[in-house]
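Readers should treat all values here as calculations from the given coordinates under stated rules, not as data from a laboratory. A quick note: this is a predicted structure, and the numbers were derived from the prediction, not measured. Here the Cβ is made from the backbone with ideal geometry for all residues, glycine too, and neighbour counts use every protein chain on show.
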Amino acid sequence: MSTQKPIRRTTAPQITRRKGGEPIVSLTSYHAHTAAIVDKYADFILVGDSLGMVMHGMESTVGVSLELMIMHGKAVVRGTQKALVVVDMPFGTYEESPSVAFRNAARIMKETQCGAVKLEGGQRMAETVRFLTERGIPVMAHTGLTPQSTNVMGGFKTQGRDEDTWPMHVEDAKAVAEAGAFALVLEGMVEPLAAQITKEVAIPTIGIGASAECDGQILVLEDMLGLNPTPPKFVKVFGNLGGQIEAAVKAYADEVKDRSFPTEDQVYR
Ligand code: KIV
């Protein structure tokens, strides 16, 4: 019998209990090797549907399929041990009805072994959030700028610039919190509105372009690593991965052209 204690993954209720405490650290990841690195420092890892743009060159998240999310979700769960893995429900897989949402969320949970799903929308999705959580599926909600609705919203626009819209945003956040969401992503939102929502809801708020007033932060990994040549304005870039990859690829190409690669002991025999 093994005497080693198994490493336990962070759970959705543990994230909820962090409300108002030490800030919650999160990044996206779509890929086993990067997820293994992020796992050392993040409380939860989001397999976001932003992978449609980042990994697959799509123009928006609208074209992302359930199969794609499941494939990347599996990779991230395999690459990690500690962080809670949350997988996005893609556009068209949950809006129709709570039972359609349950069928697709259950498929994500079973096939990827992730610990929770995320879906976009406030008051309009509250019934679905309740339906899923009552049936064993932890749900992270996402309000403010909701990228799956940008065709209706008219683009990626910061929310709450007009103070008259604040009550609607506060009601959206309260509706999903009261329906049982374990945490709430606030995207693209002015600081005083994010601060008000964070004060008024009982679950942690996770900001992305929504100020440091939230209970935690999330960024798209490739944006903060410097791999995206045009990251959103609010992103602080912590690395220069694009430049490093280019320098390495150039050095490799130069070596191959010089016929100095591979060396004798690197050849398979
Ligand atoms: O898909 C994604 O990466 C997200 C984050 C922006 C929160 O939903």
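Taking 0.36 nm per residue of separation and subtracting the current Cα-Cα distance, fully stretching the chain between Thr230 and Ser149 would add 27.0 nm.
With a cut-off of 11 Å between beta carbons, the residues surrounding Phe91 carry a summed charge of -4, where Lys and Arg count +1 and Asp and Glu -1. With K and R counted +1 and D and E -1, the other residues having a Cβ less than 15 Å from that of Glu213 yield a net charge of -2. In degrees, nearest 10, range 0 to 90: what is the angle between the Cα axis of helix 191-200 and the longest Cα principal axis of the chain? Helix 191-200 and the main axis of the chain meet at about 60 degrees. Taking Cα atoms only, the orientation of helix 66-79 departs from the longest principal axis of the chain by about 70 degrees. In region 12-239, a dipole from Cβ-located charges (positive for Lys and Arg, negative for Asp and Glu) runs towards its positive end, and of His142, Ala116, Pro229 it is Ala116 whose Cα lies farthest in that direction.
Which of rounded, prolate, oblate describes region 1-118, given a ≥ b ≥ c as roots of the alpha-carbon gyration tensor eigenvalues and a/c under 1.5 marking rounded, otherwise prolate only if a/b is larger than b/c?
Since a/c reaches 1.5 and a/b is larger than b/c, the shape of region 1-118 is classed as prolate.
Label positions at Lys157 and Gln14, each projected 7 Å from the Cα along the C-beta direction, are separated by 4.1 nm.
The simple Förster model, with R0 at 35 Å and r as the Cβ-Cβ distance, assigns Val237 and Ser99 a FRET efficiency of 0.25.
Taking 19 Å as the limit for the C-alpha separation, the pairs Lys157/Lys233; Lys174/Lys236; Lys118/Lys174; Lys19/Lys199; Lys157/Lys199 exceed it in the case of Lys174/Lys236; Lys157/Lys199.
Under the rule a/c < 1.5 gives rounded, and otherwise a/b versus b/c splits prolate from oblate, where does region 12-239 land using the Cα gyration tensor?
It comes out rounded by the Cα gyration axes.
Other residues whose C-beta falls under 12 angstrom from the C-beta of Asp39 contribute a net charge of +3, scoring Lys and Arg +1 and Asp and Glu -1.
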